[in-house]
1. Considering A:122, A:106, A:110, which residue is closer than 22 Å to residue A:255 by Cα, buried (at least 21 other Cβ atoms within 10 Å of the Cβ) and at pLDDT 90 or above?
2. I'm told residue B:528 meets every condition in (1) at pLDDT 85 or above; (2) acidic (Asp, Glu); (3) over 30 Å from residue B:319 (Cβ atoms) except one. Can you identify the failing condition by its number?
3. Can you tell me how many residues in region B:458-487 are exposed (fewer than 14 other Cβ atoms within 10 Å of the Cβ) and part of a helix (DSSP H, G or I)?
4. So which strands (runs of 3 or more DSSP E) stay within region B:1-97 end to end and still have 2 or more residues that are modelled with pLDDT of 85 or more and away from every other protein chain (no Cβ under 14 Å)?
5. Going by the structure shown, is residue A:20 β-branched (Val, Ile, Thr) and either more than 34 Å from the chain's Cα centre (by Cα) or surrounded by 16 or more Cβ atoms within 10 Å (Cβ to Cβ) (or both)?
6. Go through (1) buried (at least 21 other Cβ atoms within 10 Å of the Cβ); (2) over 17 Å from residue B:52 (Cα atoms) and name the single condition residue B:187 misses.
7. For the structure I just gave you, tell me whether residue A:154 is of a type outside the set (Lys, Arg), open to solvent by 80 Å² or more (accessible area, probe 1.4 Å) and in the same structural domain as residue A:268 (by TED's automatic domain parsing).
8. Name the pairs: first residue in region B:138-161 and open to solvent by 10 Å² or more (accessible area, probe 1.4 Å), second residue part of a loop (DSSP other than H, G, I, E, B) and not charged (D, E, K, R), Cβ to Cβ under 8 Å, at least 6 apart or on different chains?
Amino acid sequence: MLTFTLRRLSLFLFTMLVLTLISFSLSFLFPGDTVINHSGQINATATELAQLNEAYQMDKSIFTQYGAYLTHILNGDLGQSMASQSPISNEVLELLPATIELSLVALLIAMLVGIPLGFIAAINHNKASDNAILSFAMLGYSIPVFWLGLLAILFFSIGLGWLPSAGKISLLFEIEFVTGIQFIDILLSESPYKWQAFSNASSHIILPACVIALAPATIFIRLSRAAMIEVLAASYIRAAKAKGLSFQQIIFRHAIRNALIQIIRHVGLQFANLVTLAMVTEVIFSWPGIGRWLIESISQRDYTAIQSGLLVLSCFIFIVHILTDFIYAALNPLARGNHHGS
Amino acid sequence: MAVLTMNFKSIFSLTLASLVSILTGCNEGNKLSLSERSIIYCSEGSPESFNPQLSTSGTTSDASAKQLYNSLIVYKGKKNTLGPALARSWHVTRDGKKITFYLRKDVNFHQTSYFTPTRLFNADDVLFSFNRVLDKNHAFHHVSGGQYPFFQSVKFTELVEKVEKINDFTVRFILKRNDSSFLANLATDYAIILSEEYGQSLQKKKKPHEIDILPIGTGPFKLKDYRVGSLIRFYRHDEYWQEKAKIEQLVFDISPSKTTRLTKLLAKECDVSSYPIAHKKITERSDLTLESMTSLNVGYFGFNTKKEPFDNKLVRQAISLAINKQALIDTVYQGQAARAKSILPETSWAYDSETPELTYDPVRAKSLLEVAGYAQGFTMDIWAMPVQRAYNPNAVTMAKLIQADLKKIGVEVKIITYEWSTFLRRLSQGEHQSFLLGWTADHPDPDNFFTPMLSCSSSEKGSNRTFWCNKEYDQLLQSALSTTNMTKRKSYYAKAMAIINEEIPLLPIAHSKRFQARGVDVEGKILENFGGISFYDVAKRSINNDVNTLAQPEIADKASN
């Protein structure tokens, strides 16, 4: 396990090095002054500019400059947003939890719907229900997320009036910012309207989370179907059958557990996909998350925000990958011996 | 193993049941939910500050004037007569130069997290508020830029000699000359009263600019929270000097995109929406209503009277006769505007119903052109403004329609448009031949139309882009301002309108309406007669059980404690 951990850590370090290198070079590639792109201080006076040049060591060689840039990032200084002139680290800390919350709920929905459906399809392999589930998965995977989002708003918000179309929660509720994960903040708050707020927040998250969940759910269907078919064909299942275990016993005791291990590895991969979908969905549903912020930064040509936002987001996704790798390794001892990484 | 599956099932149904109960609300004990005591208003933009003195933008005064502040006097009733507000009563001397206000003695300022008042409203606050605008040496004059556009446009500093404090609850304005629009100016959304005590405390803290960002006023609501581009949250001012507002919380949901506003309205995420689109869709729904208010504005087609051929009155008349106004209104305003017969809207008290209107008559237009010596027609340009305004939602389309109309009498039209600020700059330099523009009045006094749009002084430096200057017309406006006799004023303005109709420096086209949509459960008047909005009278009807409405104030009181 120790070598496994060390290998992951070194992979993390090198990937981060490459990522920071890319984000560092973006400052040179974007139009405008490099040091202003680094820091985001568009209204800097001459003395402030001199200080910035000093801080980012712009007069030294490019390697020293990169070192200075790294030091700034490691100190948590991501520069300030050109558009709002507030520190990017603050904005990210405020917005990232909202995206994580939305993605987690979507992931949960995708798993709760996708995996059982995939198992059902595998158990009924080559029967009508299998085909129905597979065609649903194909259909769901092909629908573009922004179109689905608009349809969902049109149908559920405007047509039926069941669910709200924008935001995290009705603006009437004042929830103090503690963790940024809204449901936790609501439970921590001392508002007399706690439960009203909770139900309101739940109704706000349903539509965007379901829209995001659709594509990953279809992937989970196919993954779990394939994993289950493979497991059901394995010799220990045949042995179990031969021992006279009932069908339910085979499925619940042996098949599901072993099929799930295969799927968990892909959860991490799907999370990256999910965050990408969440970025588009956040724009449609006015969800105050990092994706909407990043897309707005692009349209406002807020280079510092784009550069630092991308760095933070990719770093976050990478951490998620490593975490799922650890979970997988903990569940499946065979994986720890894998000498070639993943 | 059957036991295990049972367990799965029961756990599943249990979670489902608890989820449903959360979604349907566990608030049985709390009869009036938060949403029934609050209003969410989908507004069109972020205000620049919370002080209407500093801006003429509708967004800023909507979010501040009637919500956070009061003025000394207000317009009341259908006839728009002046009534008391923070001033109990007032007295004007016979020469019209001294106006004394007797102030209320029971007015509380807001108590908020950033300021706690120790005294009631008095004469010092009035002096503070007006001296900030008038006195260049006032400690707060230059805070937040030192620009007071409304007061500058009505030449307030040139009119007011000084403001005196007679005693704690009496103030006197001394004017340099008699001006009958003075009281009207004091009743606008811009002439609000700030707290002098708050100003002092900010000065001590060396944070004077906060006076316009964290406002303290006497109005029915107080500011709780403002996040630029996202929301403004107001709480009710419980010590309001009149009966307190019926709702406890007012939230402005800032949604600049008009489709987002429509979606939120349809999805019931906001109770009231500003400037809605898709009027037909809204009127079709039984749970929404659409209201409109004819604004005090006019969209017009102006001529540069200093340039050929429009220095000739006959040409101006001919062109005006050749334009089919009704078609413009049907197409450009989608019928949602009143046809303008004069520059003054018909809702104004000074409007003379006998003013003749130029009718659409291309035959007469053609003959007039012949008389003027342009039998072969000519080529002209029309400058169409590039932005949308209530008084002209689409100037380029309008210009195209006019182009088609004028072709019939042999006049070729080139349409010119620039980016907005360039457009205005070039217009002020007089590079144009004719132009499409408009005017929105700041208060209902008719002078606010006549003087800024067409007087000689505003043609030199101001908003008169026709460069038309008529001594007789100016004389009539002066006489109208120096009397307070309404009938006399009305007759002066009628004569002025007749001169405009004869000379046609511009052709008034339409007075547009301001629209607003709301859910049917929202009761009370929101759109004020003069542009602004006020949520003071608004209440939400509980749809479920009407018995609760009676008990509402009491419950609301308890909850706010």
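The values are calculated or read from the model by the stated rules, or taken from the named source; none is laboratory data. These numbers come from a predicted model, not from an experiment. FYI the Cβ positions are ideal-geometry reconstructions off the backbone, even for glycines, and counts take in every protein chain you see. SASA here: full protein model, heavy atoms, side chains in, ligands and nucleic acids out. Shrake-Rupley method; radii C 1.70, N 1.55, O 1.52, S 1.80 Å.
1. Exactly one residue qualifies, and that residue is A:110.
2. Here residue B:528 meets the rest and fails (1).
3. 7
4. Per the criteria, B:73-76, B:81-84, B:87-92.
5. Criteria met by residue A:20.
6. In the conditions (1) buried (at least 21 other Cβ atoms within 10 Å of the Cβ); (2) over 17 Å from residue B:52 (Cα atoms), residue B:187 misses (2) alone.
7. It is true that residue A:154 is of a type outside the set (Lys, Arg), open to solvent by 80 Å² or more (accessible area, probe 1.4 Å) and in the same structural domain as residue A:268 (by TED's automatic domain parsing).
8. Within 8 Å, the pairs are B:144/B:49; B:144/B:51; B:149/B:55; B:149/B:56; B:153/B:56; B:154/B:181.
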